[in-house]
Amino acid sequence: GEIRAGYEFTSVGSSLQIGEPADIEKDYDDARLFLRFEVDELDNVNFPRRGHAFLLNYDWHSDALGDENDFEQANFGAGVAMTWGRYSVFPNVTGGKTRNGDAPISRLFQLGGFLRLSGFEANELSGEEYVLGEVVFFRKMNDIELLPVYIGASVEYGAIGDDIDLQDDGKAAGSLFLGIDSFVGPLYLGAGFAEGGNRTGFLFLGRRF
């Protein structure tokens, strides 16, 4: 576990590639003070089978710090992994909210992609606040410790926007996947589904965050 505090300064440049908004092309400075508390007792970051994790982070942005915007953001996450024989379940919840101002496009929260409302494309959805709850199920298929193979599924529900109502704005999603915890990183192959007919397929190597 850790408690961390610090200052971060970033110079941001943005340009429009396709679609709206038309005023996206601008350069600006982003600066924040942050305070972060995290506990991670998960036994495996890629395919957790036992343990728990908790995260709470708060950011302050202001012109006094060198930022061109004034706002605050909080985000959190919590999950617990449980295993019975070869079967594991990992329920978790994450969320975030912007307060006392409006966040620029580089600081909007994002959803979409594997285990982030899986039926949408990666980072397809964005907004000033969000909440996401999910349950991930998976089964270990072999006993090779250097190359364990898993099959799994997820059930997800969340909302994202500028002023969300979970009941009205919530979206259901899920996924089916094959996972391999290789020595070069986790490999995921699968498909995602979301209400409204949204579907995605994915094959990628690397951690999902």
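For the chain, modelled as a GNM whose springs connect Cα atoms under 10 angstrom apart, the maximal fluctuation among ILE180, ILE18, ILE144 occurs at ILE18.
Within the listed set SER154, SER11, SER88, the residue fluctuating most in the Gaussian network model of the chain (springs between alpha-carbon atoms under 10 angstrom) is SER11. Of the solvent-accessible surface of the chain, computed with a 1.4 Å probe and all protein chains present, 55% belongs to carbon and sulfur. Relative contact order of the range 86-201: 25 percent, from C-alpha pairs under 8 Å at least 6 residues apart in sequence. Charge dipole (Cα centre; +1 on Lys/Arg Cβ, -1 on Asp/Glu Cβ; no other charges) of the range 1-129 amounts to roughly 960 debye.
Scanning the chain for GluC sites (Glu not before Pro) that sit in a DSSP loop and have at most 10 other Cβ atoms within 10 Å, the longest stretch containing none of them is 26-144. Farthest toward the positive end of the dipole of the range 124-198, out of GLY161, LEU146, TYR188, is the Cα of LEU146, where the dipole comes from beta carbon charges about the Cα centre.
Over the chain, accessible surface divided per residue gives 56 Å², non-protein components excluded, 1.4 Å probe. Both radii come from the Cα set of the range 67-153: Rg as radius of gyration, Rh as Kirkwood radius; their ratio Rg/Rh reads 1.13.
Counting Lys and Arg as +1 and Asp and Glu as -1 over every other residue whose Cβ lies under 12 Å from the Cβ of ASN142, the net charge comes to 0.
Keeping every protein chain in place, order ARG36, ARG199, ARG49, ARG99 by accessible area at 1.4 Å, biggest value first, i.e. largest first.
Descending accessible area places them as ARG199, ARG99, ARG36, ARG49.
Pick out which of LEU117, LEU55, LEU146 has the largest mean-square fluctuation in a Gaussian network model of the chain, springs linking Cα atoms closer than 10 Å. Most flexible of the set in this elastic network: LEU146. At q = 0.10, 0.12, 0.15 Å⁻¹, what base-10 log of I(q)/I(0) does the Debye formula yield for the range 89-209 when every alpha carbon is treated as an equal point scatterer in vacuo? So the normalised log intensities are -0.34, -0.47, -0.70. In the chain, the calculated helix contribution to ellipticity at 222 nm averages -500 deg cm²/dmol per residue, counting -39,500 (n - 2.57) for every DSSP H run with n ≥ 4. Across the chain, the mean sequence separation of Cα contacts (distance under 8 Å, 6 or more residues apart), normalised by length, yields a relative contact order of 13 percent.
Extents of the range 1-111, taken as max minus min of Cα coordinates on every principal axis and listed largest first, are 54, 35, 21 Å. Rounded to the nearest 10 square angstrom, MET141 shows an accessible area of 90 square angstrom against a 1.4 Å probe. Considering only ASN75, VAL45, SER11, and ranking their Cα positions along the charge dipole of the range 1-86 that arises from unit charges at the beta-carbon of Lys, Arg, Asp and Glu, the one farthest toward the positive end is VAL45.
The values are calculated or read from the model by the stated rules, or taken from the named source; none is laboratory data. Predicted model only: the values in this text are computed from it and were never measured. In this analysis, Cβ positions are derived from the backbone assuming ideal geometry, glycine residues included, and neighbour counts consider all displayed protein chains. We work out accessible area using only protein heavy atoms, side chains counted, and drop any ligands, DNA or RNA first. Shrake-Rupley method; radii C 1.70, N 1.55, O 1.52, S 1.80 Å.
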